[in-house]
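Report on the structure given below.
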Amino acid sequence: MHAGRDPEPLIRDATAADAAAVARLLAQLGYPAEPSAAAARLERLAIVGDRVVVAEAGGEVVGLAHLQVVPALEYDRPVGRIAALVVDEARRGTGIGRSLLEAVDAEARARGCALIFLTTSEHRAASHSFYEQAGLEQTGRRYGRTLSE
């Protein structure tokens, strides 16, 4: 864990040039990917209107967030789902995650979302604490299964 709070990171849209950093961060989150796969995913997500932002500090990509905005049957307005949020292991606890969360929250508001939410694995206790400190409430559980091709 990095000591202290970093200067405010630059939050910007991810580009294909960030693919290696995105792949590295995804691996830290538990989803290994080759840079070429990360580049293709970034391209697909942009096509469908998702927003992927990165946090850059000292010229290095040190975090990312992925926002999906989708219509919802339960609400008159769309909802924002944070599909991924990760900060480099060496930079956690420095304010980068909060900056990323603020950026996707602002985007969700600008796009008229009724709410913003995320799902997280049970074993991520440090993440749960971060989310609660950031004002998110635990409201449910996620159930899933991997689908074969």
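The values are calculated or read from the model by the stated rules, or taken from the named source; none is laboratory data. Predicted, not measured: the structure shown is a model, and the values here were computed from it. As a convention, Cβ positions derive from the backbone with ideal geometry for all residues, glycine included, and neighbour counts pool all protein chains shown. We work out accessible area using only protein heavy atoms, side chains counted, and drop any ligands, DNA or RNA first. Shrake-Rupley method; radii C 1.70, N 1.55, O 1.52, S 1.80 Å.
Identify, please: which residue in the stretch 56-87 is of a type in the set (D, E, K, R) and part of a strand (DSSP E or B) and is, among those, surrounded by the fewest Cβ atoms within 10 Å (Cβ to Cβ)?
Step one: list which residues in the stretch 56-87 are of a type in the set (D, E, K, R), which gives 56, 60, 74, 76-77, 81.
Next cut, part of a strand (DSSP E or B) only: 56, 60, 81.
Working: Glu56: 17, Glu60: 12, Arg81: 21.
Per the criteria, the residue is Glu60.
Tell me, please, whether a residue that is closer than 23 Å to Ala14 by Cα and outside any helix (DSSP H, G or I) can be found in the stretch 135-146.
At the first step, the residues of the stretch 135-146 found to be closer than 23 Å to Ala14 by Cα are none.
Scanning the stretch 135-146 turns up no residue that is closer than 23 Å to Ala14 by Cα and outside any helix (DSSP H, G or I).
Filter the stretch 121-139 down to residues that are open to solvent by 50 Å² or more (accessible area, probe 1.4 Å) and under 25 Å from Pro71 (Cα atoms) and give me whichever is modelled with the lowest pLDDT.
Per the stated criteria, the residue is Gly135.
Exactly one condition in (1) closer than 14 Å to Pro9 by Cα; (2) modelled with pLDDT under 95 is false for Glu56; which is it?
Here Glu56 meets the rest and fails (2).
Within the stretch 102-120, how many residues are modelled with pLDDT of 95 or more and open to solvent by less than 50 Å² (accessible area, probe 1.4 Å)?
Total satisfying the criteria: 9.
Considering only residues that are in contact (Cβ under 8 Å) with a residue 12 or more places away in the chain, farther than 15 Å from Val52 by Cβ and of a type in the set (D, E, K, R), which ones fall in the stretch 65-89?
Our first condition is that a residue be in contact (Cβ under 8 Å) with a residue 12 or more places away in the chain; within the stretch 65-89, this holds for 65-69, 72, 75-89.
Next, from what is left, pick out any that are farther than 15 Å from Val52 by Cβ: 72, 75-79, 88-89.
Listed by number, the residues that qualify are Asp76, Arg77, Asp88, Glu89.
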